[in-house]
Structures are given as structure tokens and as C-alpha cells.
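I have placed the structure first, in the form of C-alpha cells, so that the comments after it can refer back to it.
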Amino acid sequence: MEGTVTRGINNIYTVSSPDGTFLCRIKGKILETKEPEYNPLAVGDHVQFNRTSDAEGLITLRLPRRNCFQRWNPKGLANQTMAANVDLVLAVCSVESPPFRPRFIDRVIACSRGIEVAIVVNKSDILYTEDELERIELYRKLGYQAFSVSAKTGENIDVLKARIQGLTVALVGQSGVGKSTLVNSLIPSQSQKTGELCEKYNRGRHTTTHSTMIEGEGFVLIDTPGVREFSVWHDDPHLISDAFVEFAAPSEKCEYHLCLHDNEPGCEVKHEVEEGLIDPDRYESYIRMLHSLDDKTPKWRRALEKDKEDVKKDY
């Protein structure tokens, strides 16, 4: 049988299929995947499973993914997929409490592998600062849709709902930005738990602890857990520049074909930053992501390095 993962908790996955909903485990507890990951399955994955009872089954295969939203999990030392096979990622942020953090949005864009991204600025009932307005306008100039909404007052919720009609949408945001309240506004029949802010650090408390697929009227939401810190995946460093669309044209003029726009001479991207043609904070955001890869060694690579050391000791 085939179905779609709609939730996963403690290695038990809820799978929705034409024949009903089943609680499934992975057959043999290990699922073969193309690359090692922190979690072999994510909400939105299409799977094959064997039915073992009226309400249970064993997952035997993860079908090929169309795309995925993936971040680095520092605890597991591996990439972690939070949602798969989606049409749009909504990067949800707020004006304050917690404050507007454009570099968080940049990381969301980088982690949306093969997925279109739109920006939702919640709590629009609070006035924007000039810097916030300038950065939001910059994203729009770069081609990203940016919606200003208020889950509290209902402002522009209908506009956002019209944008996501017919789509499967992943909501990604920091803790406390009002993501669960936004879900409740988009799907009134839902009653997502909401939380208060941690006043000491002006950060939100986690209220969504695992990704969940929720059916709306003509659309599907995947509500992902709120995070305080967000790290980009570990992979080919050249892929990070794909998240910075303003780098595309000047990078063709770089002296080196595989220029990382960091310390290489003759870099046209750095030249445009110096000339004010590329926003310097966006460039700094890119550099921080690029350098963060130096601190990431995947668990499987650490295991290989340990094996090599053990072999040397044997000789």
C-alpha cells in the first residue's frame, strides 16, 4: 500500500492512504535512504507500507522526494528533514517579541531545497521600524512575496489564504512568532496550542514539538516546530549561494569558476558588495552560513574517520 506521512512521534508514523489512516513503524527499524539523515522519514514523505492490522502497518520504502526542507541537527550531527514534497515554504517572522531577524529568513530560504519561499510578517498590528520596512522591501525586489498579516486581528489572513489555495505549504518560524496562532486563523476548526514568550530573552517557548500535516479548505499546512536557533544543512558549500539570487549574475564574472565569494581574488560578488550593488548584510549572512559548515562534520563521516584511525592503530 502507499500513503503519505502526516505525523511522526517516537518512531511511530501516522500514514494517510486511500484506505484510511494507519499507525506505522519502519520494518526492521532501519530504512534505506540515499544519504544518511537524522530522521529517515518526514511529514509529507510518500511511502510504501504493509498493512498488519485494521489500523497498523510496517513501512518498507520511502518513495523519491520531489523536494525537502532540511536543516542541520547539531545533536545528531546530521541533516534533518522537517517537511518533504511541498509546494511552498512560508517563512514566518514577527515585528517584535521576538524581534524581526532577516538572517533567520535567509537561512530558511537556504534550507528550502527546491521549494519556493514566501515571507509572512506576523503581528502587523505593531508598527514597523524603518530598517524593517527597508529589509522587507529588499526581499520583494529580490522576487520574494512578503505578506504583512496579523493572526490576532485577522488582517490580510484572507489574502494569505488565497495565495496558498491548492498548495501543500510548510510553515517555518522561530518560537514565539505566532505560527500556531496563524494556523488557527487559517484553519479555524483547528486548535493549535499557543505559548507565552520567555521575557528574559525575548524569545518564544516551544508549543509545536513535532511537524504535523493539517488539512485546510483547499490547501494543506505542515506546521513545523518553532526553533530558537537555525543552522543550514551540511552539503556542497557552493549550493548555499543558490539562496542568494543577487549573486547569480555577478558570479558569472568571477575570476574562478567555482568561486565561493569569500577570500578568492577577482570575485565580482564581493566587488558589487563594495560598490553598494549587493546589500552588505545579506552578504554577511551568506558568509556566516558558509563558515558554519566548517564546524559541521556529519556523524557518518566522523564514523569513517574513526575507522581509519582504528586501522592505523592496528598497523
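Values as computed for the structure displayed
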| read-out | value |
| --- | --- |
| From the options Gly20, Gly3, Gly28, residue that is farther than 18 Å from Gln70 by Cα and in contact with a Phe, Trp or Tyr (Cβ under 7 Å, 6 or more places away or on another chain) | Gly3 |
| Region 245-267, residues that are under 20 Å from Ser292 (Cβ atoms), more than 25 Å from the chain's Cα centre (by Cα) and of a type in the set (A, V, I, L, M) | Leu258 |
| Boolean, Pro74 is of a type outside the set (Phe, Trp, Tyr) and within 22 Å of Asp235 (Cα to Cα) | yes |
| Unmet criterion (only one of (1) touching a residue at least 40 places away in the same chain (Cβ under 8 Å); (2) more than 20 Å from Ile214 (Cα to Cα); (3) in a strand (DSSP E or B)) for Gly8 | (2) |
| Members of region 1-16 that are surrounded by fewer than 18 Cβ atoms within 10 Å (Cβ to Cβ), in contact with a strand residue (DSSP E or B) (Cβ under 8 Å, 6 or more places away or on another chain) and either at pLDDT below 90 or hydroxyl-bearing (Ser, Thr, Tyr) (or both) | Asn11, Ser16 |
| Scan of region 249-299 for residues that are small (Gly, Ala, Ser) and within 27 Å of Gln80 (Cα to Cα), ordered by number | Ser285, Ser292 |
| All positions within region 78-106 that are among the charged types (D, E, K, R) and modelled with pLDDT of 95 or more | Asp87, Asp106 |
| Of residues in region 275-315 being farther than 30 Å from Lys75 by Cα and part of a helix (DSSP H, G or I), the one modelled with the lowest pLDDT | Asp314 |
| Residue satisfying all of: in region 74-92; in contact with a Gly (Cβ under 6 Å, 6 or more places away or on another chain) and assigned to a strand (DSSP E or B); farthest from Ile157 (Cα to Cα) among these | Ala84 |
| Number of positions in region 46-73 that are part of a loop (DSSP other than H, G, I, E, B) and either aliphatic (A, V, I, L, M) or in contact with a Gly (Cβ under 9 Å, 6 or more places away or on another chain) (or both) | 6 |
| Number of positions in region 31-58 that are in contact with a Pro (Cβ under 8 Å, 6 or more places away or on another chain) and hydrophobic (A, V, I, L, M, F, W, C) | 1 |
| Residues (in contact with a Leu (Cβ under 7 Å, 6 or more places away or on another chain) and aromatic (Phe, Trp, Tyr)) located in region 22-56 | Phe49 |
| Qualifying residues in region 17-38 (those that are closer than 11 Å to Arg62 by Cβ and within 21 Å of the chain's Cα centre (by Cα)) - the one modelled with the lowest pLDDT | Lys34 |
| Sole residue being of a type outside the set (A, V, I, L, M, F, W, C) and under 24 Å from Gly216 (Cα atoms), chosen from Lys161, Lys141 | Lys161 |
| Selection within region 153-170 - closer than 11 Å to Asn122 by Cα, surrounded by 15 or more Cβ atoms within 10 Å (Cβ to Cβ) and in contact with a helix residue (DSSP H, G or I) (Cβ under 7 Å, 6 or more places away or on another chain) | Ile157 |
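Residue-wise test of (1) surrounded by 14 or more Cβ atoms within 10 Å (Cβ to Cβ); (2) under 25 Å from Val89 (Cα atoms); (3) in contact with a helix residue (DSSP H, G or I) (Cβ under 7 Å, 6 or more places away or on another chain).
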{"site": "Phe247", "(1), (2), (3)": "yes, yes, yes"}
{"site": "Ser251", "(1), (2), (3)": "yes, no, yes"}
{"site": "Cys254", "(1), (2), (3)": "yes, no, yes"}
{"site": "His257", "(1), (2), (3)": "no, no, no"}
{"site": "Leu260", "(1), (2), (3)": "yes, no, yes"}
{"site": "Asn263", "(1), (2), (3)": "no, no, no"}
{"site": "Cys267", "(1), (2), (3)": "yes, no, no"}
{"site": "Tyr283", "(1), (2), (3)": "yes, yes, yes"}
{"site": "Thr297", "(1), (2), (3)": "no, no, no"}
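The values are calculated or read from the model by the stated rules, or taken from the named source; none is laboratory data. Note that the structure is a prediction, hence the values are computed from the model and not measured. Neighbour counts run over all protein chains shown; Cβ positions are idealised from the backbone, glycine included.
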